[in-house]
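Derivation of every value follows stated rules applied to the coordinates shown; laboratory data play no part. Keep in mind it's a predicted model, so treat the numbers as computed, not measured. Every residue, glycine as well, gets a Cβ built from its backbone with ideal geometry; the counts of neighbours run over all protein chains shown.
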Amino acid sequence: MAVLVLGGAGYIGSHTVYELIEAGRDVVVADNLLTGFRAAVHPKARFYELDIRDGAALDRLFKEEEIEGVIHFAASSQVGESMVKPLKYYDNNLWGTCSLLESMVRNGVNKIVFSSTAATYGLPERVPILESDRTEPINPYGETKLAMEKMMRWLDKASGLRYVALRYFNACGAHPTGLIGEAHNPETHLIPIILQVPNGQREYIGIFGDDYKTKDGTCVRDYIHVSDLAQAHILALDYLLAGNKSDVFNLGNGIGFTNKEVVECARKVTGHPIPEKILERRPGDPDMLVASSEKAKSILGWKPKYADLETIISSAWRWHKNHPHGYEVE
Ligand code: UFG
């Protein structure tokens with residue numbers, strides 16, 4: 001039996017495929033390659049180029065392969081873009097997931113682990129955030145991810161789908177082998193953008209706002225290494241395969257760093273002065289997002305290995321230094 005990874009050519013998906021293969025699992029990857037990269041797919045995974053909104057293509061895949069469970073990363077994931085193009089998020093994230101779940105029901109596959117997000121909480125009532133805290137997204141990205149969670153909850157009641165929603169905080173870092181890493185076009189995330197400065201691709205890092213209610217006025221985020229996220233998906237899938245009930249888990253390190261602290265740490269790792277400029281606030285940014293991941297630790301047995309920010313940024317730096325243009329061939 002194989003594990004089907006949808007969006008397995010993307011950042012977190014490709015790292016999860018590597019961990020699955022290292023753990024000896026048989027892996028099938030499907031991706032429409034709109035934002036993912038064929039080169040990011042592990043050579044031992046069987047690859048299908050398809051869009052999850054294409055139910056007939058999914059049906060063919062489920063007939064050709066024996067799938068025991070699905071790990072679903074195939075979604076649009078940029079907060080800023082979602083504010084400008086909300087319908088793209090409803091189409092790709094919600095309709096895409098609806099099409100996928102319909103095909104899973106048709107083909108008798110009833111276990112799914114999927115990417116949710118800290119953006120489901122909106123402006124948190126407190127930090128660290130618990131899974132039971134209020135969910136009131138402030139952007140279409142978080143809204144569609146929360147709706148995906150709810151879609152699965154109703155399908156669980158109606159037809160016995162078992163799901164685990166993993167609410168990630170800030171994914172970062174790169175695979176320890178240096179073979180795969182973060183590559184978005186355009187890049188919007190803080191750590192890869194900071195690293196463009198020592199890589200000679202940008203003169204300074206612009207920090208969005210320094211009047212937030214935090215210790216130095218810049219936003220606080222909880223940075224979690226992508227390989228730790230990948231491990232959590234395997235644990236969650238095995239949890240479902242063992243017959244456990246549907247559930248929702250936060251995934252973060254539980255430590256918040258301000259944007260300025262992240263820049264400072266990158267200076268230390270790269271040895272570059274990395275000049276910074278304070279810019280206007282970016283719409284849709286909450287002051288502080290820090291996870292409580294106690295539930296994932298106690299129920300799934302998850303143990304993040306890369307809690308230290310310096311280690312995380314070092315792994316990212318190794319990737320970006322060696323692949324300044326991501327997967328694109330120069
Ligand atoms: N930032 C800058 N300058 C930049 C880029 C980012 O100051 O050039 C700041 C942002 O304003 C924010 C922090 O760095 O304060 C982190 O921003 P990212 O874009 O790296 O990450 P986000 O926290 O906005 O988003 C991440 C994921 C989303 C997820 C969200 C949960 O990318 O998918 O966490 O809130 F929804």
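I need ARG167, ARG25 ordered by Cβ neighbour count within 10 Å, fewest first. Kindly include the intermediate steps, with their values, before the conclusion.
Details: ARG167 26, ARG25 19.
Lowest count first: ARG25, ARG167.
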Could you name the lysines whose alpha carbon sits less than 18 Å from that of LYS321, not counting residues in the same chain fewer than 8 places away?
LYS268
For region 222-236 and region 92-135, what is the centre-to-centre distance using only Cα atoms, to the nearest Å?
16
How large is the charge dipole for the chain, taken about the Cα centre, if only the Cβ atoms of Lys, Arg (+1) and Asp, Glu (-1) carry charge, to the nearest 20 debye?
340
Computed P(r) (all Cα pairs; the chain; 10 Å bins; percent)
6, 27, 37, 23, 7, 1
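With a sphere of radius 12 Å drawn around the Cβ of ARG134, what net charge do the other residues whose Cβ falls strictly inside it have (Lys, Arg +1; Asp, Glu -1)?
On the way: positive: ARG126; negative: GLU125, GLU131, ASP133, GLU136.
Charge balance near ARG134 sits at -3.
When a footprinting reagent is the concern and you count Cβ atoms within 10 Å, what order do THR188, THR120, THR270 take, fewest first?
Details: THR188 13, THR120 26, THR270 19.
Final ranking by Cβ density, sparse to dense: THR188, THR270, THR120.
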Around LEU123, what is the net charge, scoring Lys/Arg as +1 and Asp/Glu as -1 over all other residues with Cβ under 13 Å from its Cβ?
-2
Of the listed pairs LYS150/LYS295; LYS85/LYS145; LYS260/LYS303; LYS111/LYS145, those with alpha carbons more than 24 Å apart are LYS260/LYS303
Which Cα, out of PRO86, ALA242, HIS15, lies furthest along the positive dipole direction of the chain (beta carbon charges, K/R +1, D/E -1)?
ALA242
For helix 226-241, report the angle its Cα long axis makes with the longest principal axis of the Cα atoms of the chain; keep it between 0 and 90° and round to the nearest 10°.
20
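Would you work out the charge dipole size for region 194-324 about its Cα centre, treating the Cβ of every Lys and Arg as +1 and the Cβ of every Asp and Glu as -1, and quote it to the nearest 20 debye?
Details: 17 positive and 17 negative charges, 53 e Å.
So the magnitude is around 260 debye.
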Mind checking which aspartates and glutamates have their Cα closer than 17 Å to the Cα of LYS213? Skip sequence neighbours fewer than 8 apart in that chain.
GLU125, ASP222, GLU261, GLU280, ASP285, ASP287
Part-to-part distance (alpha-carbon centres) for region 27-67 and region 292-326, which is given in Å
26
Compute the convex hull volume of the Cα atoms of region 1-149, divide it by the residue count, and report the result per residue in Å³ as a whole number.
115
